[in-house]
Amino acid sequence: MARPWGPPARGAWGSAKRKRRPARESIDRNFIRAATLRAKLLFYSFALMAGFLLVHLYLIQIHDGKALAARALDQRLETRPLVARRGTIFDRDGNTLVRSLPSQSIYVTPREVQDKPAIAHTLGVLLGTSSERILAKLRSHDGFVLIGRKIDRDVAERISKSDLTGVSIVAEDTGVRYSPSPRLASTVLGFTGIDENGLDGIEYAFDEQLRGRPGSMSLEADQSGRALPFSAPHVIAAAHPGYGLLLTLDSYMQYNVERILRETVRKWNATSGSAIVMDPWTGEVLALANAPDYDVSRYDSFPADSRRDRAVMDAYEPGSTFKLITAAAALDSGKVTVTDRFPARDKIEVGGRTIHNAEDGFLAGTGSSETLEDIVAYSHNVGAAEVGLSIGRQTMYATMRRFGFGDVTGIGLPGESPGIVPTLDLWSESSLPTIAFGHGIATTPLALARAYSAIANGGLLLRPSLLDAVLMPDGGAAYRYGRQVERRAISARTAAILQRYLRAVVTRGTGNPNAQVAGYTTAGKTGTAQIAEHGRYVPGEYVASFVGYVPAEHPRFVILVKIERPRGAIYGSEVAAPAFSAIAAMAMLHAGVLPATPRLVKPVPAPKHHP
């Protein structure tokens, strides 16, 4: 069967030979193949990397997440101390003597200050310091420089109002101590350092109670120590403010005692002085003054000598005020009675030394005798030496020790001197007679005032106290101190006799009339002692003193006045007794005791002979 069509003609569908593709098309195809390979490699690389990251992400976030978060927190977590506010010191009536106030410091960012000389001058005027020193700091390359630390609040306010560019006022963690009357009781209160650490006086002695217990807190901060935003601080341990101290000091009495002492030192052109007022029944120190003194807010501007608490730290030979201790030893031992008489002489030689009476108008004369009361009233050195020789060194030494001489009083102030009481093995042949009238031994004014308090209260030796109570931060009493009786120094009978002797000093002896107080009865003893330095007595240098109490019938205040190196007069009756009288009158009026009809005992001349 024939096909319906025949084969196509040659070349009907094109040439039998295949056409060659262009070269560009071949290159494009190669590029596509290479790009596809690269894409695959890149894909698998990213996939591998993503897998690696996912694994590490798993390890960081899930497997090790808590541990790493804790490490990160630890790196930015900073522990900072919480400073405890220092306690306040009050007087016996609750008046503030010393307290802590917030403090500020002045810093400057030098790169922000354009006119450095002008800023330095302004700050120098406001701070009261050298503008050249401030300018040198402003020219430094430091980012932040300290100009003044813990400056006065008023000065900080004036600097803040000046709106000085680059000057910053930064609050300090610790405060600054502030005293309304910076010179009042300064030698007793002492002072603190720049960080409120006690350095002297009560501030030092009771630093542990006053400073409190610091706490701590944690917060998140950057590497520069700045707190991170929205980070809340966490208190680890709360700070406990320091305890307050309620002292036995009476501010009014302290002020007036300081005033009278300062006037007395100035009047006699003396080098220094001390005065003490004590309650003989409780041992409380109501006033303790020293001259010179200083301003506690500027303590570093005063010499160390002005900061000494001389009444506690400086021992001196008490002179004739010690004759009461000799009389106490004689009477309490029973070796001398009130009727015994001693030869009235103005000099005596013992152990190669000549002892003589002071030429103060109360010479004993010769050819007669005198009682123990006469020896005390007229302050005869020779008579006291004879009494000492009659009782013996053992009795004298034991009595001195019972009165606390040779030991610190225990008042708690730093640097207290125990005085000098040589042991019996160190006594020479002349020691007993010279100690009997207050030479050859040394005591502090406070220790002597304590001894006279024992005489005034009937024979009990009390521990003197400056601290009445330790106060909680809320004002409640954490601990209250009471009267501390150490021992009986002498019998009540002996004390009563000595009180009569002290009264005789004021009515007919060396204290008449300068130790008298119009409208009140007083009793006491004058003292004049040559000053010893380097084991030798200094010619013309004396300590004038008076110690006694008011009123004579029932003592309320024991008062001691000591003036060192007076000029123009040397005797305690002239220099110290008038100051005692002024303090006694002030103290009684302050206590609300009005004077009786003003009457002074007329001076009674000392008899030359005592039959």
Tally of residues being under 41 Å from the mean Cα position of the chain (by Cα), open to solvent by 10 Å² or more (accessible area, probe 1.4 Å) and touching a residue at least 60 places away in the same chain (Cβ under 8 Å) across the range 380-404: 4
Condition first: outside any loop (DSSP other than H, G, I, E, B), open to solvent by 50 Å² or more (accessible area, probe 1.4 Å) and either under 14 Å from Ala156 (Cα atoms) or of a type in the set (Gly, Ala, Ser) (or both). Now tell me which residues in the range 118-129 satisfy that. Val125
Among the strands (runs of 3 or more DSSP E) lying completely within the range 234-333, list those that include at least 3 residues that are over 23 Å from Tyr452 (Cβ atoms). 234-237, 244-247
For the range 304-336, give me the residue count where each residue is more than 16 Å from the chain's Cα centre (by Cα) and either open to solvent by 60 Å² or more (accessible area, probe 1.4 Å) or of a type in the set (Gly, Ala, Ser) (or both). 10
Write out, first by first residue and then by second, each pair whose Cβ atoms fall under 6 Å of each other, whose residues are 6+ apart or on separate chains, and whose first residue, in the range 160-175, is on the phi > 0 side of the Ramachandran plot while the second is part of a loop (DSSP other than H, G, I, E, B) and buried (at least 16 other Cβ atoms within 10 Å of the Cβ). Gly166/Val113
When Thr507 is run through (1) open to solvent by less than 30 Å² (accessible area, probe 1.4 Å); (2) assigned to a helix (DSSP H, G or I); (3) closer than 29 Å to Trp268 by Cα; (4) among the hydroxyl-bearing types (Ser, Thr, Tyr), the failure sits at (1)
Got a number for residues in the range 197-228 being open to solvent by 60 Å² or more (accessible area, probe 1.4 Å) and at pLDDT 60 or above? 7
Looking only at residues in the range 269-299 that are of a type in the set (Phe, Trp, Tyr) and surrounded by fewer than 22 Cβ atoms within 10 Å (Cβ to Cβ), which one is nearest to Val98 (Cα to Cα)? Tyr299
Does Leu68 satisfy the condition of being surrounded by fewer than 16 Cβ atoms within 10 Å (Cβ to Cβ), in contact with a helix residue (DSSP H, G or I) (Cβ under 8 Å, 6 or more places away or on another chain) and at pLDDT 80 or above? no
When the residues of the range 458-480 are filtered to those that are open to solvent by less than 20 Å² (accessible area, probe 1.4 Å) and assigned to a loop (DSSP other than H, G, I, E, B), which remaining residue is farthest from Thr399 (Cα to Cα)? Leu466
What residue, among those in the range 481-503 that are touching a Phe, Trp or Tyr at 6+ places or on another chain (Cβ under 9 Å) and either of a type in the set (A, V, I, L, M, F, W, C) or within 18 Å of Gly548 (Cβ to Cβ) (or both), is surrounded by the most Cβ atoms within 10 Å (Cβ to Cβ)? Leu502
Among the numbered criteria (1) touching a helix residue (DSSP H, G or I) at 6+ places or on another chain (Cβ under 7 Å); (2) closer than 13 Å to Leu372 by Cβ; (3) of a type in the set (Gly, Ala, Ser), which one does Ala311 miss? (2)
Quick check: anything in the range 420-435 buried (at least 24 other Cβ atoms within 10 Å of the Cβ) and either under 27 Å from Arg483 (Cα atoms) or small (Gly, Ala, Ser) (or both)? no
Among the residues of the range 348-370, are any within 22 Å of Arg500 (Cα to Cα) and not in a loop (DSSP other than H, G, I, E, B)? yes
Unique match (being touching a Ser or Thr at 6+ places or on another chain (Cβ under 8 Å) and either of a type in the set (Asp, Glu) or open to solvent by 80 Å² or more (accessible area, probe 1.4 Å) (or both)) among Glu157, Glu132, Glu112: Glu112
Can you go through Glu429, Glu416 and tell me which one is over 33 Å from the mean Cα position of the chain (by Cα) and in contact (Cβ under 8 Å) with a residue 60 or more places away in the chain? Glu429
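The values are calculated or read from the model by the stated rules, or taken from the named source; none is laboratory data. Computed from a predicted model, the values in this text were never measured in an experiment. When we count neighbours, we look across all protein chains shown, and the Cβ atoms used for this are built from the backbone with ideal geometry, even at glycine. What goes into the accessible areas is simple: the full protein's heavy atoms, side chains included, and nothing from ligands, DNA or RNA. Shrake-Rupley method; radii C 1.70, N 1.55, O 1.52, S 1.80 Å.
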